[in-house]
Amino acid sequence: MIQTHNLGFPRIGDQRSLKIALEQYWKGSMSAQNLQRTAASLRKRHWKIQDRAGISYIPVGDFSLDDHVLDTSLMLGVIPERFGWQGGEVGLDTYFRMARGRAPTGLDTSACEMTKWFDTNYHYIVPEFSKDQSFELASNKLFDEVSEAQSIGYQVKPVLLGPLSYLWLGKEKDEGFDKLDLLEGLIPVYQEILGKLQAQGVAWVQLDEPALILDIGAQWRDAFTHCYKQLATQSPKILLTTYFGELRDNLELACTLPVHGLHLDVVRAGSELQKVINVLPETHVLSIGCVDGRNIWRTDLDQVLAVLQPLKEKLGHRLWIAPSCSLLHVPIDLEWETELDGEIKSWLAFAKQKLGEVSLLQQALNQGVEAVATPLKWSRDICNHRKRSEKIHNTRVQERLNNIHDAMTQRHTSFETRSALQQAWLKLPLYPTTTIGSFPQTANIRAIRRKFKKEEVQENTYHDAMKGEIKKAINLQEELGLDVFVHGEPERNDMVEYFGELLDGFAFTQHGWVQSYGSRCVKPPIIYGDVSRPEPMTTAWIMYAQSLTQKPVKGMLTGPVTILNWSFVRDDQPRSDTCAQIALALRDEVNDLEKVGIRIIQVDEAALREGLPLRKEDWQHYLDWAVRAFRIAVSGVQDSTQIHTHMCYSNFNDIIAAIAAMDADVITIETSRSDMALLDVFKSFDYPNAIGPGVYDIHSPNVPSIEHISTLMQLASQRIPAQRLWINPDCGLKTRAWKEVEKALTVMVDAARKLRADQEVL
Ligand code: GLN
Ligand code: ZN
């Protein structure tokens, strides 16, 4: 009999009930006991869903009040000193203070750093290691949840982040040691955990080692061998799970560690399947992750069965089937989507539906395809229908895609020539000041937008309200004396969703929430078909803003790579093609903006870096098509039109050449939090165009000082000639209050004036 299992289930709850409970608890309107009760009932509900779907081994320990890496830190007693932990079971509020800096009890403490979980949009809390880091079992959460599930009668498979991936994901907080040195101290605690699980009667435990798909190098590979030899002794059977990519140089290692089974993400590492089968010992279980846990498309079951059937012959009961990775990265249940176009809906599968597919595959293998002929045919018909659907294929878009030529990806002349032409009409002072795009998104704006969507107010009323906001933003910028204005983006709910709604080829869910971090969830758009722009998207708003002032107003768009990276993307053509289609649509918008007289246009690429592949050898290929897409979007304009871009991640040092290759006339970046340390890269790399290094942190309500800004700009001018420097905040202002914005920008403009005056004296 072939078994099925699941690697992890979304925790947030349909209708986001965990989010709601967490936020109530943080506010003080829910007790800790009730929060735990909500959590327990969610776990129970989720186990039931998985059991009902027909999953043989139910994951336990994947549930988290905040983050599973943080849970692992708690379990291992990795609590930074500043949280004042004295040993013993770590309390709930210490946990939340680590995650978010504050909790209903205890002193506010600076939170632990958060960073992206591999190439997903989920963020984990980075473990902090000190030089004398010790480990001890400091949380019983996993064991309690195992008992909880066992008492209901489930066959449980506890899920644990493996010791090597855990170390890999953490950060040394002291100088002079390597986190890998900590492994010796970590192994006994993992042994203790595995021993306890065995004592609880657990047959299989899932150890996640996604680090095995990264460039870890020989030393870490040796550490894997050393560590797993010692784990194998007193333990339930270990299923070593890898996901999100190919094993490549770690394949032999992953296949031969002394465990009892290996999980392979066949969606992303299908090309390695044969090799894995050849190398895997005859005693190992091979778990095939064949249902995509990273995307929302229905599985082509025939195609998967064609792979699984021969495997069944070969492996027999040693074959397990599962989703490719944890289902944390997809929404929970498609059935909630009552407003989605029926045809598009039929092409989709969320977590619950994906488990149904796993179970159907199992039945087909165990009982023969005849036993499930009807659902298989149903699924086949839908897949075939999707392939042919007119909703997807737009020949005009395909033709345009095929006819992109090099000239479309290049500005007509060099930056030097262009900037002279731009300066001829812009006549900007030294250190021009601008902002990144958004102004405060107040409760009022959100309220009227909600009403407009529910059709409780007329379009006119809504538009007038937005115009009012634009006017307010323009007036403030005028008063403050900024040099290049923005309209403030009041009409945009979200920088991707706004454009997705106006482009063809995008669909939106009502409840398709995916956890981003803590209680924060996002609802990514679904790109299902060829992308095109039926009509101008932003010109009317920007023209209105421009009509209110003599100063230039920047057109404001979200770039193709960012739209792509923050959406669920179609799986029937390369991502690069979808990206180029979005770029073509944006190119039309950029050209239209120019036509109506907007001659500074910003195309944001906040998520360019996020799309970097997990293996360095794959970076260049991605950067090539990503940069090309940006250039397709912006290269249709005249030389005198100034193209800006904005990126808000730290650490662009290793992709600076690609950023320069985007050839934007001006780039604004986030640097303020590192005191411009990020600009160090310009010591060795001669960045050719203009830059606005963010001079203050918009994530904080604090008002920056003139001195602070001046010092930062002086630092910047040691790296980049002053003639190519701009002054701006480090990101959009939508999360701030008007008062804060007014104060901060006043200081910023004053600082610019002072710098100019100083320069004149020189
Ligand atoms: N133009 C956008 C804004 O100001 C950019 C947001 C971002 O970089 N994340 O809000
Ligand atoms: Zn930003």
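Those residues that are within 19 Å of Ser165 (Cβ to Cβ) and part of a loop (DSSP other than H, G, I, E, B), I need them from the stretch 88-120; list them, please.
Hits for the stretch 88-120 are Cys112, Glu113, Trp117, Phe118, Asp119, Thr120.
Filter the stretch 228-246 for residues that are in a helix (DSSP H, G or I) and either among the hydroxyl-bearing types (Ser, Thr, Tyr) or crowded, with 21+ Cβ neighbours inside 10 Å (or both) and give the result.
Tyr228, Leu231
Could you identify the single residue in Met537, Met495, Met543 that is under 22 Å from the mean Cα position of the chain (by Cα) and farther than 23 Å from Arg11 by Cβ?
None of the other options fit; the residue is Met495.
Exactly one condition in (1) more than 25 Å from the chain's Cα centre (by Cα); (2) in contact (Cβ under 8 Å) with a residue 60 or more places away in the chain; (3) in a helix (DSSP H, G or I) is not met by Asp663; state its number.
(3)
Residues checked against (1) within 16 Å of ligand 2 (Cβ to nearest atom); (2) at pLDDT 95 or above; (3) touching a helix residue (DSSP H, G or I) at 6+ places or on another chain (Cβ under 8 Å):
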residue	(1), (2), (3)
Lys616	no, yes, no
Trp619	no, yes, yes
Tyr622	no, yes, yes
Phe630	yes, yes, yes
Ser635	no, yes, yes
Tyr649	yes, no, yes
Phe652	yes, no, yes
Asp665	no, yes, yes
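Is it the case, given these coordinates, that Arg418 is in a helix (DSSP H, G or I), modelled with pLDDT of 95 or more and crowded, with 18+ Cβ neighbours inside 10 Å?
yes
How many residues are acidic (Asp, Glu), exposed (fewer than 15 other Cβ atoms within 10 Å of the Cβ) and at pLDDT below 85 if we restrict to the stretch 667-694?
Here the count works out to 2.
Report yes if Ala53 is within 30 Å of Leu361 (Cβ to Cβ) and either crowded, with 20+ Cβ neighbours inside 10 Å or over 24 Å from the mean Cα position of the chain (by Cα) (or both), otherwise no.
The answer is yes for Ala53.
Out of the residues in the stretch 481-496 that are more than 16 Å from ligand 2 (Cβ to nearest atom) and either crowded, with 21+ Cβ neighbours inside 10 Å or at pLDDT below 95 (or both), which is nearest to Ala21 (Cα to Cα)?
This residue is Asn493.
So if I check each of Asp265, Asp333, Asp249, which one is within 28 Å of Tyr122 (Cβ to Cβ), of a type in the set (Asp, Glu) and crowded, with 20+ Cβ neighbours inside 10 Å?
Asp265
What pairs come out if I take residues in the stretch 504-517 that are more than 16 Å from Ile20 (Cβ to Cβ) and pair them with residues that are polar (S, T, N, Q) and assigned to a strand (DSSP E or B) whose C-beta lies under 8 Å away, six or more apart or interchain?
Asp504/Ser532; Gly505/Ser532
Please pick out the residue among Ile187, Ile193 that is at pLDDT 95 or above and crowded, with 20+ Cβ neighbours inside 10 Å.
None of the others qualify; the one that does is Ile193.
Can you tell me which residue in the stretch 454-475 is nearest to Tyr544 (Cα to Cα), limited to those that are touching a strand residue (DSSP E or B) at 6+ places or on another chain (Cβ under 9 Å) and crowded, with 17+ Cβ neighbours inside 10 Å?
Among them, the one singled out is Ile470.
Give the number of residues within the stretch 121-135 that are hydroxyl-bearing (Ser, Thr, Tyr) and in a strand (DSSP E or B).
Here the count works out to 1.
Being in contact with a helix residue (DSSP H, G or I) (Cβ under 9 Å, 6 or more places away or on another chain), closer than 30 Å to His123 by Cβ and either surrounded by fewer than 24 Cβ atoms within 10 Å (Cβ to Cβ) or among the β-branched types (Val, Ile, Thr) (or both) narrows it down to one of Tyr528, Tyr517, so name that one.
When all the criteria are applied, what remains is Tyr517.
Do the conditions hold for Tyr687, that is, is it out of contact with any Phe, Trp or Tyr (no Cβ under 6 Å at 6 or more places or on another chain), away from ligand 2 (no atom under 16 Å from the Cβ) and under 26 Å from Ile600 (Cα atoms)?
Here the answer is yes, as Tyr687 does meet what is asked.
Restricting attention to helices (runs of 4 or more DSSP H) lying wholly within the stretch 254-348, give those where 3 or more residues are closer than 21 Å to Ala53 by Cα.
Per the criteria, 301-315.
Pairs only if they're at least six apart or on different chains, beta carbon under 7 angstrom, first in the stretch 601-626 and under 15 Å from Pro574 (Cα atoms) and of a type outside the set (A, V, I, L, M), second at pLDDT 95 or above and surrounded by 22 or more Cβ atoms within 10 Å (Cβ to Cβ); list them, first residue then second.
Gly611/Val561; Gly611/Asn565; Gly611/Ala626; Trp625/Cys579
Yes/no per residue for (1) over 15 Å from Gly518 (Cα atoms); (2) modelled with pLDDT under 95; (3) buried (at least 18 other Cβ atoms within 10 Å of the Cβ):
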{"site": "His5", "(1), (2), (3)": "yes, no, yes"}
{"site": "Ile20", "(1), (2), (3)": "no, no, no"}
{"site": "Ser29", "(1), (2), (3)": "yes, no, no"}
{"site": "Gln33", "(1), (2), (3)": "yes, no, no"}
{"site": "Ile58", "(1), (2), (3)": "yes, no, yes"}
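So which residues in the stretch 435-448 are surrounded by 22 or more Cβ atoms within 10 Å (Cβ to Cβ) and either small (Gly, Ala, Ser) or within 16 Å of Ala664 (Cα to Cα) (or both), if there are any at all?
Listed by number, the residues that qualify are Ile436, Gly437, Ser438.
Of everything in the stretch 483-513, what is touching a Phe, Trp or Tyr at 6+ places or on another chain (Cβ under 6 Å), closer than 20 Å to Cys579 by Cβ and within 16 Å of ligand 1 (Cβ to nearest atom)? Give them in sequence order.
Scanning the stretch 483-513 gives Val496, Gly500.
Out of the stretch 424-462, which residues are closer than 30 Å to Arg753 by Cα and not in a loop (DSSP other than H, G, I, E, B)?
Ala424, Trp425, Leu426, Thr433, Ser438
State all residues of the stretch 701-749 that are assigned to a helix (DSSP H, G or I) and either within 16 Å of ligand 1 (Cβ to nearest atom) or charged (D, E, K, R) (or both); if no residue qualifies, say none.
Glu707, Arg719, Arg724, Trp738, Lys739, Glu740, Val741, Glu742, Lys743, Ala744, Leu745, Met748
The values are calculated or read from the model by the stated rules, or taken from the named source; none is laboratory data. Please read these numbers as outputs of a predicted model, since none were measured by experiment. With ideal geometry, Cβ positions are generated from the backbone for all residues, glycine too; neighbour counts draw on all protein chains shown.
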